[in-house]
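Notes for the one structure printed next.
The values are calculated or read from the model by the stated rules, or taken from the named source; none is laboratory data. The shown structure was predicted, so the numbers you read here are calculated from the model rather than taken from an experiment. Here the Cβ positions follow ideal geometry from the backbone for every residue, glycine too, while neighbour counts run over all protein chains shown. With ligands, DNA and RNA removed, areas are computed over all heavy atoms of the protein, side chains included. Shrake-Rupley method; radii C 1.70, N 1.55, O 1.52, S 1.80 Å.
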Amino acid sequence: AGSVDLPSDGVARRIPLQTVELPARFEHRVPSAVAEGAWLYALLEQDGPMPLLAGEVRVFQSGDLLGNTTLPMSARGATFEIPLGRDEQVRVERKVEEVADRSGPIAGGESVRRAVTITLRNLRPDGLRAVIVDRVPVTWEDGMKVQIVDEPSPAAPVLDNGLIRWTVDLGAGA
């Protein structure tokens, strides 16, 4: 801490108040049903002696500026995350193959089989952890039924809201 002399010339200035280094884990989130991309998040624990006030922060990793974001108020011991934007070095492709079958169990019935393939490519020089979220069709219509025929690979439970979530680790260049 120290003091800063500011001229009274009416010019707006930014004064850094504090520099804090926090250990971070990084996670890429892939909302594959919504967008073909991966968004980087820093997962942090505030281990300093005083709370961190909410406000704009600059985020650096190994001396490189990752971006600016807004920090939430964070008490000592609190965990929080900072979104760092889309990572263009992670490629996501989602393919859907759909086959309709009109010879369902009831005359005139129809079934639709949908196969979804999600492919990730890591073009980064380091490995990463990706959390992929996709959706399973749901219905509230009487007489309609959604059934998972083939278990997802790798195995993942379908959540109550129809979402399915995987965590995968990708090596550098994988």
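Which residues, taken from region 152-174, are assigned to a loop (DSSP other than H, G, I, E, B) and more than 22 Å from TRP140 (Cα to Cα)?
The answer is PRO152, SER153, PRO154, ALA155, ALA156, GLY171, ALA172, GLY173, ALA174.
Would you call ARG13 basic (Lys, Arg), at pLDDT below 90 and not in a loop (DSSP other than H, G, I, E, B)?
no
Looking only at residues in region 67-80 that are in a strand (DSSP E or B) and touching a residue at least 24 places away in the same chain (Cβ under 8 Å), which one is surrounded by the most Cβ atoms within 10 Å (Cβ to Cβ)?
Result: SER74.
Among the residues of region 20-53, count how many are assigned to a loop (DSSP other than H, G, I, E, B), free of Cβ contacts under 8 Å to residues at least 40 places away in the same chain, within 27 Å of ARG129 (Cβ to Cβ) and open to solvent by 70 Å² or more (accessible area, probe 1.4 Å).
Total meeting the criteria: 4.
Just to check your reading of the model, which residue among VAL138, VAL99 is part of a strand (DSSP E or B), open to solvent by 70 Å² or more (accessible area, probe 1.4 Å) and of a type outside the set (D, E, K, R)?
It is VAL99.
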